[in-house]
Amino acid sequence: MSADRSGPAVDPTGLPRGEDPRSMRERMVAGDLYIADDPELAEEADRAHDLVAAYNATTSRQRPLRRRLLEQLLGSIGEEVELRPPLHVDYGTRVTVGPRTFANFGLMALDVAPITIGADVMIGPNVQLLTPTHPVDPDLRRAKWEAALPIVIGDNVWLGGGVVVCPGVTIGADTVVGAGAVVTRDLPARVVAVGNPARVVRSID
């Protein structure tokens, strides 16, 4: 006999399933649990993935084209920004990037919730900025509920290669995060943090 995957009768808002008047997209934007089956969300994701595919197919000689594609893809982008392909996003429109920021190859910015990247940020290769999260409750997870928490990267932060920033994290200005660190909690400004989970090892005087 197959398992029942219909999920609980009451959704995470406490209302009977199906009685929340909001669309799943509206729930996502509000930061609440939602199910990613909204046709509007699917269209937004498809649009983003088309732009990402075009961007990732460019060469370093096509910088003006890269800029135009990023302006279409992202929520906002400052001057003199360089994001080296390949780049990966969920929607793109919820990512903002400040001026003079540089990201090396392989940035993954999953922007179910907003991702705010400040000015003069240095991002190493294969960094992951992950806003999506899933319920610990197994019934809600089986029913495909999910949510997201915003990420904020302050001005002049340096994220080393392979850093993972988890949902809901804010990293303060001028902070350095060592290669391979997994940032599960907020980091203050002007510190060096390393490890999994990332921990502050010294301040920057």
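The values are calculated or read from the model by the stated rules, or taken from the named source; none is laboratory data. From a predicted model like this one, the values you see are computed outputs, not experimental measurements. Neighbour counts run over all protein chains shown; Cβ positions are idealised from the backbone, glycine included. Keep in mind that these areas ignore ligands, DNA and RNA; they rest on the heavy atoms of the full protein, side chains included. Shrake-Rupley method; radii C 1.70, N 1.55, O 1.52, S 1.80 Å.
Solvent-accessible surface of protein heavy atoms, probed at 1.4 angstrom with all chains present, puts HIS88, HIS134 in the order HIS134, HIS88, largest first. All other residues whose Cβ lies under 12 angstrom from that of ASN156 are scored, Lys and Arg at +1 and Asp and Glu at -1, for a net of -1. Projected onto its three principal axes, the C-alpha set of the chain covers 55, 41, 32 Å, listed from the longest axis down.
The amide H of GLY168, built 1.01 Å from its N in the peptide plane, has LEU149, ILE151 as neighbours under 5 Å, considering only residues 5 or more places off or on other chains. The long axis of helix 39-56 is offset from the longest Cα principal axis of the chain by roughly 30 degrees. The rule of thumb for compact globular proteins, 2.2 N^0.38 Å, goes into the C-alpha radius of gyration of the range 58-125 0.99 times.
Excluding GLY78 itself, calculate the net charge of residues whose Cβ lies under 13 Å from the Cβ of GLY78, where each Lys or Arg counts +1 and each Asp or Glu counts -1.
Its environment carries a net charge of -4.
Each helix, a run of at least 4 DSSP H residues, gives -39500 (n - 2.57); summed and divided by the residues of the chain, these come to -6000 deg cm²/dmol at 222 nm.
Dipole size of the chain about its Cα centre, with +1 on Lys/Arg Cβ and -1 on Asp/Glu Cβ: approximately 700 debye, rounded to the nearest 20.
Here the range 85-204 is treated with +1 on each Lys and Arg Cβ and -1 on each Asp and Glu Cβ, and its dipole about the Cα centre works out to around 200 debye. Farthest toward the positive end of the dipole of the chain, out of VAL81, THR59, ILE151, is the Cα of THR59, where the dipole comes from beta carbon charges about the Cα centre.
In order along the range 175-185, phi translates into HN-Hα couplings of 7, 10, 10, x, 3, x, 5, 10, 8, 9, 9 Hz, rounded to whole numbers, per the Karplus curve 6.51 cos²θ - 1.76 cosθ + 1.60 with θ = phi - 60° and x for Gly and Pro. Placing LEU130, LEU159 in order of accessible area, with the largest value first and a 1.4 Å probe, yields LEU130, LEU159.
Compute the long axis of helix 63-73 from its Cα atoms, compare it with the longest principal axis of the Cα atoms of the chain, and write down the angle in degrees, 0 to 90, nearest 10. Between the helix axis and the principal axis of the chain, the angle is about 30 degrees.
Surface analysis of the chain yields an accessible area of 52 Å² per residue, using protein heavy atoms and a 1.4 Å probe. Legend: residues ARG27, ARG185, sorted from most to least accessible area (1.4 Å probe; ligands, DNA and RNA excluded), read ARG185, ARG27. Using all pairs of distinct alpha-carbon atoms, the Kirkwood hydrodynamic radius of the range 93-168 works out to 13.0 angstrom.
Could you tell me what percent of the accessible area of the range 80-138 is made up of carbon and sulfur, with a 1.4 Å probe and every protein chain present? Carbon and sulfur: 60 percent of the exposed surface of the range 80-138.
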